Structure formats: C-alpha cells, structure tokens
Number of protein chains: 2
Amino acid sequence: MNIEIIGFVAGIITTAAYLPQVYKIWKTKKTDGVSLFMYLVMFIGISIWLYYSLIIDRPSLIVANTITLLIISTIIYFKIKFK
Amino acid sequence: MNIEIIGFVAGIITTAAYLPQVYKIWKTKKTDGVSLFMYLVMFIGISIWLYYSLIIDRPSLIVANTITLLIISTIIYFKIKFK
C-alpha cells in the first residue's frame, strides 16, 4: 500500500480529534478548560511542521498540517470571542 | 540547514504545547473542559502517524510522535483518574 494513504488515514483521525473540542466550545460557550496558551504554541509548532512537510514534499503531511492549522485558528477565535 | 533540525524544532514546540494542559489538570484536578474522546481519537491517530514516520524513516517525526503519544497517554490517565 502507498504509505501516503496511511498518512492520509492518520491525518483524517488526528484532525477529526479536534472537532469535538470545537463543538463543545461552540455549544457551551465555555472555554475555561481549554488553554489559549496551548493552542497559540500549537499554532506556531504546526506552522513549522507545515514548512517541514513542504520541504520533504509529503502530500499527506502537507494536507494534515494545513487542516490542523485551520482548526486551531478556529479554536483560538472561539477562545478569544467567548473568553 | 538540515531539514530534520527544523522538524525537531517543530516537534519540541508541538509537544511542549501539551504540557500546560497536563499541568492545569494536575493542579486543578479538574478535567471538565478536556474531552476524553478527543484524546482517545488523538491517541489512535498519532499511533498511525508514528507507523508512517517509521516507514518514511524521518527521525524528527519519529521522536515527535513518540513523545506526543506518551504525553497523550498521561492526559488520558489523568482524565480517567480525576473524572
């Protein structure tokens, strides 16, 4: 099997893992248990991972890091809006 | 610069991002804002990423995914212990 397929499966699962957190914040309008600092640091880290992925040119890593970055941006937006 | 150095920098930042969450749970003994389901799904996803990393043989990805898996396991342990 193409290793990139395994990468895409991993990417779908790790990005999907963030969705319940987004839903929970949106539904309860409470972000007390979620650390803004954690997501800001994660945003920086994932941005560097995205750069790394582009250099080694691995499609599954590029797509996964791009989507994760978008989801983390959404959580940061909620965190600031509902603080 | 060796691209693996950039990977290790990204890895240090993304794994460090989890530490405030671990500290917060440990200090407050409250895990209400943290979704157990999120971390369980993340555990599965990161396990597959680790397999992917071993196949494409990228040291920074292997180390980062291994450490992330250990941190997520710790959070899951806290989540179950302090539920």
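The values are calculated or read from the model by the stated rules, or taken from the named source; none is laboratory data. None of these values were measured; they are calculated from a predicted model. Reconstructed Cβ throughout: ideal geometry from the backbone, glycine too, with neighbour counts over all protein chains shown. Keep in mind that these areas ignore ligands, DNA and RNA; they rest on the heavy atoms of the full protein, side chains included. Shrake-Rupley method; radii C 1.70, N 1.55, O 1.52, S 1.80 Å.
Counting every alpha-carbon pair across the protein assembly as shown, the share separated by more than 19 Å comes to 53%. Assuming a viscosity of 1.567 mPa s and a temperature of 4 °C, what translational diffusion coefficient in µm² per second does Stokes-Einstein assign to the range A:31-76, Rh being the Kirkwood radius over Cα pairs? Answer from the Stokes-Einstein relation: 118 µm²/s. Per the accessible-area calculation with a 1.4 Å probe, the total area buried between chain A and chain B rounds to 3100 Å².
Inter-copy label distances at B:Trp26, using a point 7 Å along Cα-to-Cβ, come to 3.4 nm with the shortest given first.
Determine the share of the range A:24-81's accessible area contributed by carbon and sulfur atoms, expressed in whole percent, with a 1.4 angstrom probe.
On the way: 2140 of 3000 Å².
Solvent-exposed carbon and sulfur of the range A:24-81 make up 71 percent of the total.
Backbone phi angles across the range A:75-83, fed through the Karplus curve with coefficients 6.51, -1.76 and 1.60 (θ = phi - 60°), yield HN-Hα couplings of 4, 4, 4, 4, 4, 6, 5, 9, 5 Hz in residue order; Gly and Pro are listed as x.
Figure legend: label point modelled 7 angstrom from the Cα of B:Ile12 along Cα→Cβ; residues of the range A:48-76 with amide N under 15 Å from it are A:48-49. Accessible surface calculations at 1.4 Å, restricted to protein heavy atoms, place the range B:3-81 at 49 Å² per residue. For the peptides A:6-15, A:74-83, residues were scored by their other Cβ atoms within 10 Å and the scores averaged per peptide; the highest-first order is A:6-15, A:74-83.
Restricting attention to the range A:1-76, which trypsin sites (Lys or Arg not before Pro) occupy a DSSP loop and are surrounded by at most 11 other Cβ atoms within 10 Å? Provide the component values of the computation, followed by the final result.
Working: sites: A:Lys24, A:Lys27, A:Lys29, A:Lys30; in loops: A:Lys29, A:Lys30.
Here the sparse-neighbourhood loop sites are A:Lys29.
For chain A, the equivalent ellipsoid derived from the Cα gyration tensor has semi-axes of 27, 14, 7 Å, listed largest first.
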